[in-house]
Amino acid sequence: MPGLKVSAPGKIILSGEHAVVYGYPGLYASTSLRMNVKLINKNNKSDFSSFADYAFNKAFQSFKIKNDLNYFYKIESRIPIGSGMGSSASLAVCMSALAQKIAKREFNLDEINKVAYEIEKKQHGKPSGGDNTIVTFGGFVWYRKEAENLKVFSKITPKKRISNLFIINSGIPKETTGEMVNFVREKYEKNPEKIKKIFNQIESCSKGFLKLVLGEENLALKDLISANERYLEELGVVSKETKELIGLLEKKKASVKISGAGGSSHGSGILLIYHKNPESLKNFVKSRKLDMISVSLGKKGVKIEK
Ligand code: MEV
C-alpha cells in the first residue's frame, strides 16, 4: 500500500457562497489546480499539519482501519492554502479516498464525500457541504443543502464555455472560513430580514449564472460577477483593502468577485476575474506584485492516481 496516491482538485464558487450555508443554492466548479496525497511509511514522515493529521486519523476511523499499519501521508499541492480555493476540502476528500482504498472498499464517490463532510466540520464548524461535494465529483455542480441529512446537487454540463476568467490572490485572510461563517451568522441573527434580502439577491445571481452556463439565457458574465461581488460586500465579507483593489481592477474594465468565505480585515482570498482581454491587465497585476493564475474549470474530481 505505501506508494498509493490520490488526487483532488481545488474549487471556485461562481455564485452562492455564504448563502449556501442557509439552504440557498450555489454554483461551483472544480479547477485544474490539484492536490496529491501519497501514502508513505511512517519512518519517512516529513510534513504534517494539525488539520491534515486530524483528517488522516478521522478518515481511518470512519473506514474502521486501525493505523497500526505504520502509515503516514505526504501532501503535494498547487491549491493556494486558506484562500477560498477549497484546499481543506481537497485534503479531506483525498484522505477519505485514501482510507476507502486501504479499507479495500469499492471506489464510491458518495461514501468519500460523506466522510469528507464530517472531516470538514472540524475545520468549519457548520459547513454547507458544497466544497467537499465539488471537490469529490468535479465538473460543475449546482448544490443546495436542504437539511443536515438532505443535501441535493446536480452535475451540470455547460453548454457555454466560460473563458477569459483568471484568478489573483488578494492575500490570505486573517480569518478562517469558520470565523467568516460565524461573522455572517451574527449579522443574520441581529438583522435576519436584511441578510435574507441579500441572500435572495445572491440566489438570483446564482440562477443567472446557471442559465448562462446552460446556454438558456444570454446574460452577461461580467454583470453577474459584479452584482454578486456587491452583495458579498454588503454582507461584509470583503475587506477594505480588497475592495480598493477590486475598484482599481474595475477601472480597468475587469469584473471581479471574491470566491469562498472572503476575509474582512486584510486579504479576502482569491479573486475571480473576468476581462475581455486578460493580457491587458498583466502590467497592473505585476506592479501590485500579485500573481495572475490562469485556471481551467470543470476538471475531474477525486481520483486514484496510477
Ligand atoms: C466556503 O468556501 C464557502 C462558504 O459558503 C462556507 C460553506 O459553504 O461551508 C463561505
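The values are calculated or read from the model by the stated rules, or taken from the named source; none is laboratory data. Keep in mind it's a predicted model, so treat the numbers as computed, not measured. Positions of Cβ are backbone-derived with ideal geometry, glycine not excepted, and every protein chain shown enters the neighbour counts. Just the protein is used for accessible areas: all its heavy atoms, side chains included, with ligands, DNA and RNA removed. Shrake-Rupley method; radii C 1.70, N 1.55, O 1.52, S 1.80 Å.
Using a Förster distance of 30 Å, how high is the FRET efficiency between ASN43 and ILE304, based on the Cβ-Cβ distance and rounded to 0.05? Between ASN43 and ILE304 the formula returns 0.80.
Where only protein heavy atoms count, and the probe is 1.4 Å, what is the accessible area per residue for the chain in Å²? Each step should come with its number before you reach the end.
Details: 14300 Å² over 306 residues.
Here the residues of the chain average 47 Å² of exposed surface.
Taking the longest Cα principal axis of the chain as reference, the axis of helix 50-62 is set at about 60 degrees.
Please list SER50, SER280, SER128 in order of solvent-accessible area, largest first, computed with a 1.4 Å probe with all protein chains present. Could you put the intermediate results ahead of the total?
Numbers: SER50 100, SER280 65, SER128 10 Å².
Reading off the accessible areas and sorting them downward yields SER50, SER280, SER128.
Across the options SER15, VAL141, TYR117, the greatest Cα extent toward the positive end of the charge dipole of the range 1-152 (unit charges at beta carbon of Lys, Arg, Asp, Glu) belongs to TYR117.
Counting only heavy atoms of the protein chains and using a 1.4 Å probe, VAL6 has close to 0 Å² of accessible surface.
Over the Cα atoms of the range 209-306, Rg to Rh with Kirkwood Rh, two decimal places? Intermediate values should be presented prior to the final figure.
Numbers: Rg = 15.1 Å, Rh = 14.9 Å.
Here the Rg-to-Rh quotient is 1.01.
Computed over protein heavy atoms with a 1.4 angstrom probe, the accessible surface ordering of ARG78, ARG105, ARG161, largest first, is ARG161, ARG78, ARG105.
DSSP loop (so not H, G, I, E, B), at most 14 other Cβ within 10 Å: list which GluC sites (Glu not before Pro) in the range 175-278 pass both filters. Don't skip to the answer; put the middle values down first.
Values: sites: GLU175, GLU179, GLU186, GLU189, GLU193, GLU203, GLU216, GLU217, GLU229, GLU233, GLU234, GLU241, GLU244, GLU250; in loops: GLU175, GLU216, GLU217.
Of the GluC sites (Glu not before Pro), the ones in loops of the range 175-278 whose Cβ has at most 14 other Cβ atoms within 10 Å are GLU216, GLU217.
Computed extension gain for LYS187 through SER163, at 0.36 nm per residue and net of the alpha carbon distance, reaches 5.1 nm.
In the complete set of protein chains, residue-level accessible area for PHE107 is approximately 100 Å², probe 1.4 angstrom. Once all protein chains are placed together, LYS155 keeps about 110 Å² accessible to a 1.4 angstrom probe.
Our coupling estimate for the range 284-289, obtained by passing each phi through the Karplus curve with A = 6.51, B = -1.76, C = 1.60 and θ = phi - 60°, is 4, 4, 5, 5, 8, 6 Hz, Gly and Pro reported as x.
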